[in-house]
Structure formats: C-alpha cells, structure tokens
Amino acid sequence: MTIWTTRPETTNDITAIRDINLAAFPTSGEADLVDALRADPKVWIDGLSMVTEGSDGTLVAHALLTRCLVDGAPALALAPCAVRPSAQRTGAGSAAIRAALDSARSMGENLVLVLGHSDYYPRFGFTPASGFGIRAPFEVPDEAMMAMALDDTRPVPTGTIQYPAAFGV
C-alpha cells in the first residue's frame, strides 16, 4: 500500500493541477472549472485545494473544495476531484479528498456537498443530501447528490444548493 503525501496547492502547482484534470477527464471542462473557481475570490478558499504527491514529488491527484450556499448559508462544494490515470485506484484521490475534508474541518467549515458516484463518496461519510433537506438546483438522482456534516454538533442548513457561477448552473 502506498503512503501518499498531501498538501495544499501552491502557485507552482497550478499547471500540474490543470494537467491532472486534463488527463483524468475526456474534455477540458473540469480543468477550466478549477481555473475559473481559482479566479473567483468569492468562492476560492486558500488551503482547500489539495494535491497528492507521488514518492518522487510528482503531483498525481487533486481535490477542490469551494464556497457554495444552501439557501444563503455557507457550505462547500467538493468538485472536481481528479487523479492521473497512472495513479487511479491507488488511494491517491482518496488521500486528497480526506486532506481537503480535514482542512475544511480545521477551518471551522461544516457542510460539504458532492455530486458523484454513490458507491465512492460514502466511504468518506457522505450520505444523500435529501436526508439533510438539501436539494440540487437541477434534476439529479437522489443517491448522487450527497452531503456530509463535518461537525455533528452543529446545525446544517436546508434548502437548495447555490453553486458558484463557474459551475454554470
């Protein structure tokens, strides 16, 4: 089992992060989304863009949390998450996601939302957002729109998710 090193992105990582997203997805959509989110000071939160390094220091995975809202209350959107094809299914992506969630928790954030595979994200603690009274602003299968409270002692807002403009929804 590989032990991965994770850390927040630096400005020196921007090109490598774009390359990871271009390699992981069939179009430039996710890479362009990361760039657009990074350029928006209303949604970008320093320390919540996490990278995973291989043993040689090469970046192999990236996970991003940015500000979104649930009926006006602050939350975070986990998207995109990307892993170089050569490092997929090795735990590199999971390491980046866990690091991002840990960082968000340490910053006092509470609610994280993700639209993704219902067989993947529950391993981090995500459950259907509908269980929290949260819904997407578009039609999506219930099991694919997930949420997680980082602090079970704090209340979670209910209502409709308001994504950053860069998401185009």
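Annotations for the structure displayed:
- Annotation for Asp35 and Val169: the two label points, set 7 Å from Cα along the Cα-Cβ direction, are 2.3 nm apart.
- Residues listed by number, the stretch 51-92, amide nitrogen under 13 Å from Thr5 label point at 7 Å toward C-beta: 51-60
- Summing Cβ point charges (Lys, Arg +1; Asp, Glu -1) relative to the Cα centre of the stretch 88-156 gives a dipole of roughly 200 debye.
- Ranked from largest to smallest solvent-accessible area, with a 1.4 Å probe on the protein heavy atoms, Ile14, Ile3, Ile20 come out as Ile3, Ile14, Ile20.
- Solvent-accessible area, 1.4 Å probe, carbon plus sulfur percent, for the chain: 52 percent
- Accessible area per residue in Å² at 1.4 Å probe, computed on the chain: 49 Å²
- The helix-only estimate of mean residue ellipticity at 222 nm for the chain, built from DSSP H runs of length n ≥ 4 each weighted as -39500 (n - 2.57), is -6500 deg cm²/dmol after division by the residue total.
- Here nothing in the chain passes the span test, since no DSSP H helix has an alpha carbon length of 27 Å or more along the helix axis and a Kyte-Doolittle mean of -0.5 or above.
- Distance between the pseudo-spin-label points of Glu139 and Asp119 (7 Å out from Cα toward the beta carbon): 2.5 nm.
- Cut-off of 10 Å, at most 13 other beta carbons, DSSP loop: longest stretch of the chain lacking such trypsin sites (Lys or Arg not before Pro): 90-169
- Rounded to the nearest 20 debye, the dipole size of the stretch 5-119 about its Cα centre is 140 debye, using +1 on the Cβ of Lys and Arg and -1 on the Cβ of Asp and Glu.
- Label selected from (i) 9.5; (ii) 11.4; (iii) 8.8, the criterion being mean projected area of the Cα convex hull in nm² as computed here: (i)
- Percent RCO, i.e. relative contact order, over the stretch 15-169, from Cα pairs under 8 Å lying at least 6 residues apart: 22 percent
The values are calculated or read from the model by the stated rules, or taken from the named source; none is laboratory data. A quick note: this is a predicted structure, and the numbers were derived from the prediction, not measured. FYI the Cβ positions are ideal-geometry reconstructions off the backbone, even for glycines, and counts take in every protein chain you see. Protein only, heavy atoms only, side chains kept; ligands, DNA and RNA dropped before computing areas. Shrake-Rupley method; radii C 1.70, N 1.55, O 1.52, S 1.80 Å.
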